[in-house]
Structures are given as C-alpha cells and as structure tokens.
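The values are calculated or read from the model by the stated rules, or taken from the named source; none is laboratory data. Keep in mind that what you see is a predicted model, and the values were worked out from it rather than measured. As a convention, Cβ positions derive from the backbone with ideal geometry for all residues, glycine included, and neighbour counts pool all protein chains shown. SASA here: full protein model, heavy atoms, side chains in, ligands and nucleic acids out. Shrake-Rupley method; radii C 1.70, N 1.55, O 1.52, S 1.80 Å.
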Amino acid sequence: MNFEKLIVKHVQELVPYQSARRIGGHGHNFLNANESPKSEGYFLNSTTLNRYPDCQPEELIERFADYAGVHKSQVIATRGSDEVIGLIVRAFCEQGKEGILIAPPTYGMYEVAANTNNALVATVDRHEDFTLDANQIIDAVKSSKFPVKVVFIDSPANPLGIVFKKEELEKVLNALEDTLIVLDEAYIEFAQKEHDLTYLVKDYENLVVTRTLSKAFALAGIRCGFAIANENIIKALLKVIDPYPICDPVAQIAIQALSDHAVGMTLERAKCCNERREKLRADLNELPFVEKIFESHGNFLLVKFKDGPKVFNRMAQKGVILRSFETKKGLKNCVRISIGSDVELEELVRYLKELDI
C-alpha cells in the first residue's frame, strides 16, 4: 500500500510538536517539562463512569469562571490549553489562505496547530533582549502577505519567562480590531497579579486568554485547560470541539482543584516555587560557565551557558533531564530548567558544580 497517496499532502510534511515526553530521556530527575514536583490527593466517584460526560461540565465551568473573575458564558474547557490553540486555528483560519502570527522563540504548539490545520504562519522579530512591543506586532500583521486572523502572545513567555505589558496589549487590541489576539497565560499564577490581564476580556471582543491547570495547579496529568473570551468566540469554538472533551474523572479532579481551599494551596505552591526559582538563580550565578540567566515569571529558568549542549548532555548522563533550546532562534547554548523540589534542585546544582567547562 502506498500510504503517501492516502495521507493528505500537508500532513505528510508535518513535524509533530516535540513535547518533553515525546523527546524522552532516561533519568530520575525530570526538570524538562515545567511540571510541579508533586501533586495533591483527590477523590474519584466511579459510579458515573458508565455515562458519557457533559461536553462542558457545568460545575467545572462555573468554578473556573469564578476563579478567573468572568461570566461562565465566557469560558470553554478543553484538553489542556493545547486543544484551545488548535480549536482557534480551526475555527478562524481558512485553510491555505489565512493564518497566524507568532514571535519566535515562543511556544511551539502555535505553529504546529497552524500546520496541522493547513493554516499559514507569519513571524515577527523580537528586540535583541527578546522583548516584544505593539508596534512590531501591528506592522507585521499589516505587512503580511496573507490575512492574519490570529496573533499568539505567551505571557509569561515560554521559554523566555518574560511578560507582555498591559499597555502594549491594549495598543494591539485597539489597532487590530478584526484580528483575534490570543494571550497565553499558562504560567500566570507564578507572576505578579498585575500581569494577569484576563479581566480585559470584558472590554475587548477580540481578546482570547488561555489558561491551564497543568502548571501551578500541579495537574499536568489530567489535561485540563480553558479559554476565556467574548461569548460569540466561545460559541464558535464549541462548534468545532469534539463531543466529549472533558472526561468525567478529569472534571471531578478539576472541580476539587478549583475549590477555595485548593486555590489557596495552589497560590501558596506557586509562591514557594518562585522562592526556589530565585534560590536556584543565586546558585547558578556562582558558576563560571553561566553566561546569562533570563528574567522569569514562570516555574522555570532559561539559562545561557558557555557550552549549552555539554551541560545538557552531562546532566542527562547523571539522570537529570533538562530541556535544550539550542536550535531555537536566538537561543544557542540555552537550556531551560524547570523548578523542581528542593532535593531535585540541590542534586542539579551539585552535579553542575562538578562540571569542568
């Protein structure tokens, strides 16, 4: 059988997103996926598992809407925020004719979602310090060779760690009223409250904010994310989402995680993570082969070493798995380190101090 004749052309050319799990690695100390070092305990009721779940479990939507400070009609729940990204491209970009704008280096799923849905991809250059401003985005959208329907901005950015300023976001929203501006806030619980711009959804019909329970909530394993947007955008996404995106066990756990008590635990977890992050920063600054540690508002540090591949490989040999960004634009010799537990980070620093670079 000639499978190439069966597979549609644009899928033949796809390169799948290289997630931490897909890349793999043999070790015991995984600091490569921006996961929480531990999870909490949850209870499951198995008596409802014989029934199909609701497409959008009402209690889950209400709990998250309360947490985000928006109306429930402005929320959609999905299989992680990754699914939201794909739904947005599918719902708003005409295949082969329209597309998205991204600002590399950035989260890889934006481009993968566009490629998977046969949408076009335009890019905008960041400043030398990797910051991004409104004028750059506006000019890139207006000068694109194809209609840009969606702009993806991650804040805090992955892997950079920086945030996108409110005044810059509002400038983009006002200048590009017919373009969806997607603000990816997957790491927002680790940032200062002032950087959470979810509330702007109430004022701007073209703003979409994506969120997740994978990071600060320590629930990467259940794959539960959300989009917050104008009600008409939510209705469009509900047209293209699969019938049962949120399975019953996921809904049960997520509802518990969004209780007042559990949210308090999550915010405390994020606070402690930030303290460990800054302790790690101080330890890394003492190493002679560290050239730069990037600003970070997330649960990770992006570090530029004198020889990034050597650091990455030597740590892997010790069973400490990091994430290399060697091939990404402007990030030669850069390695991202997730903020693990005290024990995990102490082991990392101990092995780093043994290196001869």
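Per-structure values
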quantity: Size of electric dipole in the range 248-347: Cβ of Lys, Arg +1 and of Asp, Glu -1, about Cα centre, debye, nearest 20; calculated: 640
quantity: Cα-centred dipole magnitude for the chain, charges only on beta-carbon of K, R (+1) and D, E (-1), debye, nearest 20; calculated: 980
quantity: The range 34-178 - charge dipole about Cα centre, Lys and Arg +1 at Cβ, Asp and Glu -1, debye rounded to 20; calculated: 320
quantity: The chain, helix-only ellipticity at 222 nm - DSSP H runs n ≥ 4, -39,500 (n - 2.57), divided by all residues, nearest 500; calculated: -11000 deg cm²/dmol
quantity: Cβ-Cβ FRET estimate between V11 and N232, R0 fixed at 30 Å, reported to 0.05; calculated: 0.50
quantity: Gain on full stretching of the segment that runs from R51 to K292 - 0.36 nm per residue minus C-alpha separation; calculated: 81.5 nm
quantity: Of all accessible heavy-atom area on the chain, the percent that carbon and sulfur account for (1.4 Å); calculated: 49
quantity: Positive dipole terminus of the range 186-277, leading residue within L213, T198, H261 (C-beta point charges); calculated: L213
quantity: Proximal aspartates and glutamates relative to K271, as straight alpha-carbon distance under 20 Å, when same-chain residues fewer than 8 apart are discounted; calculated: E35, E40, E185, E189, E194, D196, D260, D283, E295, D342, E344, E346
quantity: Orientation-averaged projected area, Cα convex hull of the range 17-138 (nm²); calculated: 12.2
quantity: Low-density loop positions, GluC sites (Glu not before Pro), the range 90-169 - DSSP coil, at most 15 other Cβ in 10 Å; calculated: E94, E128
quantity: Distance violations [Cα-Cα > 28 Å] among K38/K329; K142/K165; K292/K353; K166/K235; calculated: K38/K329
quantity: For the chain: accessible area per residue (Å², 1.4 Å); calculated: 48
quantity: Reachable lysines from K149, criterion Cα separation under 16 angstrom, eight or more residues apart if same chain; calculated: K97
quantity: Relative contact order (%) - criterion: Cα under 8 Å, at least six apart; region: the chain; calculated: 23
quantity: Fraction of beta bridges assigned by DSSP in the chain that are antiparallel (%, nearest 5); calculated: 50
quantity: Efficiency of FRET between K279 and D178 - r from beta-carbon atoms, R0 45 angstrom, step 0.05; calculated: 0.45
